[in-house]
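Below is one structure, written out as structure tokens; the observations come after it.
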Amino acid sequence: MKVQFSDISMRFGAMDVLQDVTISVEEGEFLCIVGPSGCGKSTLLNIAGGFLSPVMGTVTIDGDPVTGPDRRRIFVFQERGVFPWLTVEGNIGFGLFDLPDEERQRRVAQYVHLVGLEGFEKAYPRELSGGMKQRVEVARALAVNPDVLFLDEPFGALDSITRLQMRSELLRIWRAARKTVLFVTHDIDESVQLADRVVVMSARPGRIRRVVEIDIAHPRDLSSRRYIELRDLIFGEIGLAHQV
Amino acid sequence: MKNVTMQRPMQHAASNIEHSTFEKFALPLLTVAVIIATWSAAVEFSGTKIFPSPIAVASAIGTLGEKSLLWRYIADSLTRVFAGYAVAIVAGIPLGFLLGWNASLARAVNPLIQMLRPISPLAWMPLAVIWFGVSNAAPIFLIFLASFFPIVVAAMNGVRNVPPMYLQAGRNFGLSTWQLMIRVVIPAVLPRIIVGLRLAFGIAWVVLVAAEMIAVDSGLGYLIIDARNAGKRYDLVVAGMLLIGVIGLLLDTGIRRVEEWISE
Amino acid sequence: MSRSRLLPLTGILAAVAAWQLGVSLHPSSLIPGPIAVARGIGELAVRGLLVKYVVASLFRVTWGYLTALIVAVPLGLALGLRRRAEAAINPVLQVLRPISPLAWIPIAILWFGVGDLSAIFLIFLASLLPLTVATMNAVHNIDPVHLAAALNFGIPLRARITRVLVPAILPQLIVAMRIALGVAWLVVVAAEMIAVNSGLGFLIVDARNAGNRYDLVIAGMVLIGAIGIVLDLLMRRIERLDSVRWGYAAE
């Protein structure tokens with residue numbers, strides 16, 4: 001068991017945001033959390049990241065309770081998290097402050113290559129597209145070799161074509177690096193394309209409605225019967241008729 | 001819900017509320033108390049005969065309040081600052097609009113403005129005295145100069161930075177240039193201009209005090225310099241400074257209120 | 001090309017021409033024409049006063065301003081980061097802020113006498129409060145995501161300050177620094193008119209009092225304007241640096 005959420009409840013003022021959420025995440029698993037806006041999925045991720053403490057319940061990682069942010073588990077925000085005052089290199093090397101220069105440069109180069117940003121090492125974020133900034137952020141997170149990655153709607157601000165590309169890149173990187181990934185999204189298709197398991201949450205207060213196992217091997221065929229079945233199952237679970 | 005991400009780490013929401021009332025009133029009072037105590041102690045221990053203690057300043061404020069002179073000085077200062085500031089607004093905003101709208105005109109006139117702007121308004125004092133004599137008009141002219149340039153520049157930059165999309169949308173709906181000005185440009189730049197107006201007022205207030213110290217024989221600036229020159233009454237000096245601070249703060253708060261009211 | 005080069009000069013040339021015209025129409029006026037002023041600047045240069053006074057004024061501004069910067073940035077950071085410190089001190093800053101720095105002149109003279117130190121103290125006061133308040137507000141405006149990311153990577157406090165906090169506030173701070181330098185330049189002139197016996201402000205008062213030399217008065221004004229422009233341009237240069245350009249709206 002890598003990450004264990006036990007009976008998490010959260011409240012902001014008088015508003016109940018999360019109620020009795022219990023999830024176990026396996027080592028190396030890709031877990032998606034979906035739900036309507038306001039279901040507390042971001043809050044849940046922030047609790048796991050150590051940025052918020054729950055009113056009740058605990059999160060443990062490798063059996064140790066989470067008490068604050070930790071560089072062994074990195075949070076990836078939408079591309080806004082990239083530091084605008086640092087270059088691509090500067091951003092990717094940000095968490096490697098304790099390495100000797102030479103080793104740091106080697107690692108930065110390795111992750112620049114991994115996310116395909118060769119030639120942009122000296123560029124500032126304002127010169128990059130949204131997708132490129134998102135890659136910088138993923139590279140910055142991976143460079144410190146964390147064992148858990150938290151991604152909070154990381155592709156929410158990208159156009160739909162870039163989103164598709166970023167998804168397959170994330171899967172490629174995930175397969176290469178084998179990190180445990182917790183991925184929050186409101187995009188049901190996204191969750192079915194990416195996850196090993198999808199946690200479906202209900203709105204306010206957020207509770208787990210259902211956990212859906214996505215038993216399709218990668219690379220996934222988005223027009224296969226099983227894909228459509230699972231997607232429609234989740235749509236139904238959230239209470240949306242899959243029609244426009 | 002996105003904001004959730006932004007919370008400071010490991011903070012319980014409830015604890016913010018418990019402390020806020022205490023912090024808002026008690027902490028500033030505590031700071032003021034510490035300052036006054038330090039000031040008192042410093043006057044006490046240094047044995048200075050010249051620099052006043054807080055109590056001396058408080059009683060000086062009392063004495064000033066009894067004399068009708070104080071109210072006349074305040075009235076004089078306010079008249080000057082508002083007269084100069086009003087002329088600067090009336091002249092500065094239209095000029096700023098014109099320069100923001102017409103790029104060639106701006107290229108011709110802007111260098112002149114940029115050159116005149118850094119000339120400290122007080123440096124104009126000798127010329128002001130030639131032109132206006134030792135009268136109210138001289139300090140009013142200096143205050144006009146002090147607030148005019150910031151206002152012009154704020155209006156000009158405001159108009160220049162109106163997003164082109166707004167103008168396109170306005171034209172798309174068939175507005176004439178005049179209508180475009182009134183219905184699109186003015187509402188779009190108003191918040192920026194108001195900020196410029198507030199900054200300009202801050203500078204005008206600084207200049208007013210200096211102008212009154214040099215050029216006239218009434219007003220809050222004169223009160224300070226006169227209290228020093230006529231008998232080293234430093235209690236009155238500090239009292240005058242506090243008055244300048246409090247009145248300046250009140251005026252600044254007033255402008256902020258207008259700012260909030262307009263930007264709503 | 002030539003038109004666009006000349007256009008910026010037309011305004012200034014027209015103003016100088018109008019000035020000359022006005023002087024020619026009123027020969028009895030005390031106001032000297034542009035040529036007399038140019039000659040006045042020449043005279044100051046020959047007498048060695050030009051360099052001496054410019055250096056004196058810049059010396060005071062530099063020390064007052066730099067001292068203020070050194071105090072204001074750490075103070076502003078502390079107030080911006082610690083909500084309680086801000087609650088305690090900010091109201092006091094707000095009351096002190098509208099006190100014209102020039103109103104401190106009598107106290108400056110009492111403490112430091114007539115001389116450089118008084119002027120430096122006034123410039124320090126004039127720059128300190130705006131810089132402190134600007135730093136504090138800039139800290140409040142930092143995107144919380146950036147602070148969260150810095151915390152997540154567990155970098156030590158010192159690095160958090162130098163690599164996240166300071167770069168994050170820099171764009172706003174530089175704008176405040178430019179404005180504060182403008183105010184400092186205004187204050188030095190006023191302070192020199194009242195509290196010291198050298199510098200460009202003193203030049204103006206002295207030229208007028210000692211024999212109505214209005215050519216030198218306006219020469220002093222021209223010098224003040226020219227130096228003010230140079231200071232402003234230098235600060236605007238800094239705003240174009242790559243590591244702060246992100247903070248300004250795209251041009």
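The values are calculated or read from the model by the stated rules, or taken from the named source; none is laboratory data. Just so it is clear, the structure is predicted and the values come from calculations on it, not from any experiment. With ideal geometry, Cβ positions are generated from the backbone for all residues, glycine too; neighbour counts draw on all protein chains shown. To get the accessible areas, we keep the full protein, side chains included, count just its heavy atoms, and leave off ligands, DNA and RNA. Shrake-Rupley method; radii C 1.70, N 1.55, O 1.52, S 1.80 Å.
Structure values in brief
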quantity	calculated
Gaussian network model of chain A, Cα within-10 Å springs - most flexible of A:His186, A:His113, A:His218	A:His218
Sequence-separation-based contact order of chain B, relative, with Cα cut under 8 Å and 6+ spacing, percent	23 percent
From the C-alpha gyration tensor of region B:26-83, square roots of 5λ in Å	29, 17, 10
Estimated [θ] at 222 nm from DSSP helical runs (n ≥ 4, -39500 (n - 2.57)) normalised by residues in the protein assembly as shown, nearest 500	-21500 deg cm²/dmol
Accessible surface ranking that places the most exposed of C:Thr132, A:Thr87 first, with a 1.4 angstrom probe	A:Thr87, C:Thr132
Estimated FRET transfer efficiency (A:Ser24, A:Asp221; beta-carbon r; R0 35 Å; 0.05)	0.75
Between helix C:83-96 and chain C: long-axis angle, C-alpha atoms, 0 to 90°, nearest 10	20 degrees
C:Ser243 - accessible surface, heavy atoms, 1.4 Å probe, Å² rounded to 10	50 Å²
Fluctuation leader among A:Gln105, A:Gln78, A:Gln134 - chain A, Gaussian network, Cα springs under 10 angstrom	A:Gln105
Using θ = phi - 60° and Karplus 6.51 cos²θ - 1.76 cosθ + 1.60, couplings along region A:182-194 (whole Hz; Gly, Pro as x)	10, 10, 9, 8, 9, 9, 5, 4, 4, 5, 6, 6, 9
Accessible surface of A:Lys122 - all protein chains present, 1.4 Å probe, nearest 10 Å²	150 Å²
GNM top mover of C:Ala38, C:Ala119, C:Ala191 - chain C, alpha-carbon springs below 10 Å	C:Ala38
Equivalent ellipsoid semi-axes, region C:76-225, via Cα gyration tensor eigenvalues times 5, rooted, Å	40, 17, 11
Estimated vicinal HN-Hα couplings, Hz - region C:168-180 in sequence order (Karplus 6.51, -1.76, 1.60; Gly, Pro = x)	5, 8, 4, x, 5, 5, 5, 4, 4, 5, 5, 5, 5
Average accessible surface area per residue within chain A, 1.4 Å rolling probe, Å²	42 Å²
Residues of type aspartates and glutamates that B:Lys67 reaches as a straight line, Cα spacing below 16 Å, ignoring anything fewer than 8 places off in the same chain	B:Asp76, B:Asp226, B:Asp235
Hull shadow area, averaged, region B:166-264 [alpha-carbon convex hull, nm²]	8.2 nm²
Sparsely packed chymotrypsin sites (Phe, Trp or Tyr not before Pro) within region B:140-228, loop by DSSP, other Cβ within 10 Å at most 13	B:Phe173
Relative contact order, percent, chain C [alpha-carbon distance under 8 Å, six or more residues apart]	24 percent
For A:Ile33, distant residues with modelled amide H under 5 Å away	A:Phe183, A:Val184, A:Thr185, A:Val199
Helix B:137-160 axis, angle to chain B major axis (alpha carbon atoms, nearest 10°)	40 degrees
Taking the convex hull of Cα positions in the protein assembly as shown, its mean projected area over all directions (nm²)	41.2 nm²
Whole-number D in µm² s⁻¹ for region B:103-155, Kirkwood Cα-pair radius fed into Stokes-Einstein, 37 °C, 0.692 mPa s	273 µm²/s
Contour minus Cα-Cα distance for B:Ser46 and B:Arg192 (0.36 nm per residue)	47.7 nm
Crossing angle, helix B:186-214 versus chain B [Cα axis fit, 0-90 degrees, rounded to tens]	30 degrees
Kirkwood hydrodynamic radius over Cα pairs of chain A, then Stokes diffusion coefficient at 25 °C and 0.890 mPa s, in µm²/s	132 µm²/s
Cross-link table A:Lys133/B:Lys24; A:Lys2/A:Lys41; A:Lys133/A:Lys179; B:Lys24/B:Lys232; B:Lys49/C:Lys52; A:Lys41/A:Lys179, entries beyond 30 Å C-alpha to C-alpha	A:Lys133/B:Lys24; B:Lys24/B:Lys232; B:Lys49/C:Lys52
Exercise: per-residue mean of other protein chain Cβ atoms within 10 Å, C:78-89	3
10 Å Cβ neighbours from other chains, averaged over peptide B:126-136	3
DSSP-defined beta bridges in the protein assembly as shown - what % are antiparallel, rounded to 5	50 percent
Probe 1.4 Å, all protein chains present, accessible-area order of B:Arg160, A:Arg226, largest first	B:Arg160, A:Arg226
Whole-Å distance, taken between Cα centres, linking region A:89-161 and region C:176-204	49 Å
Rounded D (µm²/s) - region B:54-263, Kirkwood Rh over Cα pairs, Stokes-Einstein at 20 °C, 1.002 mPa s	113 µm²/s
Relative contact order (percent, whole number), region A:82-145, Cα cutoff 8 Å, 6+ residue spacing	53 percent
Accessible heavy-atom area order of B:Arg257, A:Arg172, highest first, probe of 1.4 Å	B:Arg257, A:Arg172
